[in-house]
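Let me begin by presenting the structure, written as structure tokens, before commenting on it.
The values are calculated or read from the model by the stated rules, or taken from the named source; none is laboratory data. These numbers were taken from a predicted model, which means no experiment stands behind them. Positions of Cβ are generated from backbone atoms using ideal geometry, with glycine treated the same way; all protein chains shown enter the neighbour counts. Surface accessibility is based on the protein's heavy atoms, side chains included, excluding ligands, DNA and RNA. Shrake-Rupley method; radii C 1.70, N 1.55, O 1.52, S 1.80 Å.
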Amino acid sequence: MKKIFLLVPLIVIFGIYSAFENGWLRLNYPGKKEFPVRGIDISHHQKKINWEELRKAEINFVIIKATEGADYQDPNFKENWNESLKEGYETGAYHFYRLCKSGNEQAENFINTVPKSETALPPFIDLEYGGNCKTDKNRDEVKKEIYIFLETVKNHYGKSPVLYATDSFYKDYIENDYQEYDIWIRSIISKPKLENNRKWTFWQYANRGRLKGIEGFVDLNVFHGSEEEYRKFIK
């Protein structure tokens, strides 16, 4: 009998852990009343998307990985970009920023890959340590290169890029700078709260979401504001 009592908590713990690992249970469930505008970000990791099936999901926008570093282009970018526009989603592209590469060459890679479109969402830059390369640049030099990327992309598309950041990268490089740029913050544990009540515009609240039409996991996001505020933002 004692063995059964010992096994029950272990089974429960394993079940909860398994549910988290497989994306069936999350820590964040932002309500639609507070966050009516929702979207996903995708890359080749989502493989070939069944866009017809994806229509069943209540999403407004799709942010697609386009480039990484100085010379990498996501192999599924063009197809995802065209299909997303075809389905009528507000569509944007993001660049994974490599710390060991210059801001100028990374901006050129992005510009040469992503079409210039008045109806597209602003460009997005992914700033995080995970999967990044080491750099011998100091903090100020890194920030300078990021600024070069931002300004070059902004001048080309006529839209200010949005800064995606993990909590650690945000605290190290962004917290007291880049005040003129919108923030897309990653927080899969709780609702974001930035220092000095700085406003964030997008929130990636889950990295193991599941939607029909997508094999495996997908990142889930919301816009911080009403539908009317979102319309003003995308204009």
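Suppose we look only past 15 Å in the calculated P(r) of the stretch 44-86. What percent of the Cα-Cα pairs does that tail hold?
In whole percent, the share of Cα-Cα pairs in the stretch 44-86 beyond 15 Å is 44.
Which whole number in µm²/s is D for the stretch 95-235 by Stokes-Einstein, with the Kirkwood Rh taken over Cα pairs at 20 °C and 1.002 mPa s?
Stokes-Einstein gives a translational diffusion coefficient of 132 µm²/s.
Name the helices (complete DSSP H segments) of the chain with a Cα length along the long axis of 24 Å or more and a Kyte-Doolittle mean of at least 0.0, or state none.
Both cut-offs are met by 2-21.
Could you give the length gained by full extension between residue 147 and residue 168, i.e. 0.36 nm per residue of separation minus their alpha carbon distance, to one decimal place?
Once the chain is fully extended between residue 147 and residue 168, it gains 5.7 nm.
Excluding residue 181 itself, what net charge comes from residues whose Cβ is under 13 Å from its Cβ, given Lys and Arg +1 and Asp and Glu -1?
0
Solvent-accessible area per residue for the chain at a 1.4 Å probe radius, Å²?
Per residue, the chain has 55 Å² of solvent-accessible surface.
Enumerate the aspartates and glutamates that residue 159 could reach by cross-link, defined here as Cα to Cα under 14 Å, with residues fewer than 8 away along the same chain left out.
118, 151, 180, 182
Counting C-alpha atoms alone, how compact is the stretch 61-149: give Rg to one decimal and Dmax as a whole number, in angstrom.
13.6, 44
Quick check: the distance between the Cα centres of the stretch 192-235 and the stretch 51-87, to the nearest angstrom?
The stretch 192-235 and the stretch 51-87 have Cα centres separated by 16 Å.
Full extension from residue 71 to residue 105: what is 0.36 nm times the residue separation minus their Cα-Cα distance, to one decimal in nm?
Taking 0.36 nm per residue and subtracting the Cα distance, the gain is 11.4 nm.
Which shape class applies to the stretch 117-157: rounded if a/c is under 1.5, otherwise prolate when a/b exceeds b/c and oblate if not, where a ≥ b ≥ c are the square roots of the Cα gyration tensor eigenvalues?
Taking the square roots of the gyration eigenvalues as a ≥ b ≥ c, the stretch 117-157 is oblate.
Please list the non-local residues whose amide H lies under 5 Å from the amide H of residue 63, H modeled 1.01 Å from N, same-chain partners needing a gap of 5 or more.
Here 40, 41, 42, 92 satisfy the definition.
Based on the Kirkwood radius over alpha-carbon pairs, what is the Stokes-Einstein translational diffusion coefficient of the chain at 37 °C with 0.692 mPa s viscosity, in µm²/s?
After rounding, the answer is 174 µm²/s.
Can you give me the % of accessible surface on the chain that is carbon or sulfur? Probe 1.4 Å, all protein chains present, nothing else counted.
About 51 percent, which is the carbon plus sulfur part of the accessible surface.
So how far apart, in nm, are the two label points at residue 232 and residue 156 if each is 7 Å from Cα heading toward Cβ?
3.0
Run lengths n ≥ 4 of DSSP H only: what is the helix-derived mean residue ellipticity at 222 nm for the chain, with -39500 (n - 2.57) per run over all residues, to the nearest 500?
-9500 deg cm²/dmol
If I model a spin label at residue 44 and residue 191 as a point 7 Å from the Cα along the Cα→Cβ vector, what separation in nanometres do I get?
Roughly 3.9 nm, to one decimal.
Assuming R0 = 22 Å, what is the FRET efficiency of residue 55 and residue 79, from their Cβ-Cβ distance, to the nearest 0.05?
0.85
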